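Notes to accompany the following structure.
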């Protein structure tokens, strides 16, 4: 991170990320971890096949298992980043993902420039959504005194907090 101004977070190599939340949380970061991950396409393909075969319950259940797997992967990545930051005398911020408040989904394109998702089989469709769907992207700041928050606090700020089946309550 080389600087921050207005809603822009500036990185080395003339790259900038747009987002008020990014700037407020990551302004003091010494480094930025850009992470793209996936559980791959197989589960999604199988769930779709169940729906096509007229077995919506199986498709729905398998899709839910995939969502839980992505969430578990997300959590493990965060734990790994916290350990790596600590080993270097830093803290890791809580994660921020495109589409969350203060971090526009349109920034997904910039994340894919910084961490090419194609190397692990993840691409973006025209609206910036990842394929396979059971994929995630996030950034975490590394540095002294980085901002963190609980999962319940993240859920409370999320635009889907009224309807999300995976919401963690305070």
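The values are calculated or read from the model by the stated rules, or taken from the named source; none is laboratory data. This is a predicted model, so every value here is computed, not measured. Neighbour counts are summed over all protein chains in view; Cβ atoms, including those assigned to glycine, are modelled from backbone coordinates with ideal geometry.
Annotations
- In the stretch 39-54, residue surrounded by the fewest Cβ atoms within 10 Å (Cβ to Cβ) [restricted to those that are out of contact with any helix residue (DSSP H, G or I) (no Cβ under 9 Å at 6 or more places or on another chain) and closer than 14 Å to residue 122 by Cα]: 42
- Pairs with Cβ under 6 Å, 6+ apart, first in the stretch 93-112 and free of Cβ contacts under 8 Å to residues at least 40 places away in the same chain and on the phi < 0 side of the Ramachandran plot, second surrounded by fewer than 17 Cβ atoms within 10 Å (Cβ to Cβ) and not in a loop (DSSP other than H, G, I, E, B): 98/105
- When every residue of the stretch 87-94 is checked against the conditions, at least one turns out to be surrounded by fewer than 19 Cβ atoms within 10 Å (Cβ to Cβ) and under 26 Å from residue 14 (Cβ atoms).
- When each of 147, 169, 156 is tested for being free of Cβ contacts under 8 Å to residues at least 40 places away in the same chain and part of a loop (DSSP other than H, G, I, E, B), the lone residue that passes is 169.
- Among (1) surrounded by 12 or more Cβ atoms within 10 Å (Cβ to Cβ); (2) at negative phi; (3) out of contact with any helix residue (DSSP H, G or I) (no Cβ under 7 Å at 6 or more places or on another chain) - the single one residue 121 does not satisfy: (2)
- Residues within the stretch 23-38 that are in contact with a helix residue (DSSP H, G or I) (Cβ under 8 Å, 6 or more places away or on another chain) and either within 12 Å of residue 138 (Cβ to Cβ) or modelled with pLDDT under 95 (or both), tallied: 6
- Qualifying residue in the stretch 64-72 (condition: within 16 Å of the chain's Cα centre (by Cα) and crowded, with 17+ Cβ neighbours inside 10 Å): yes
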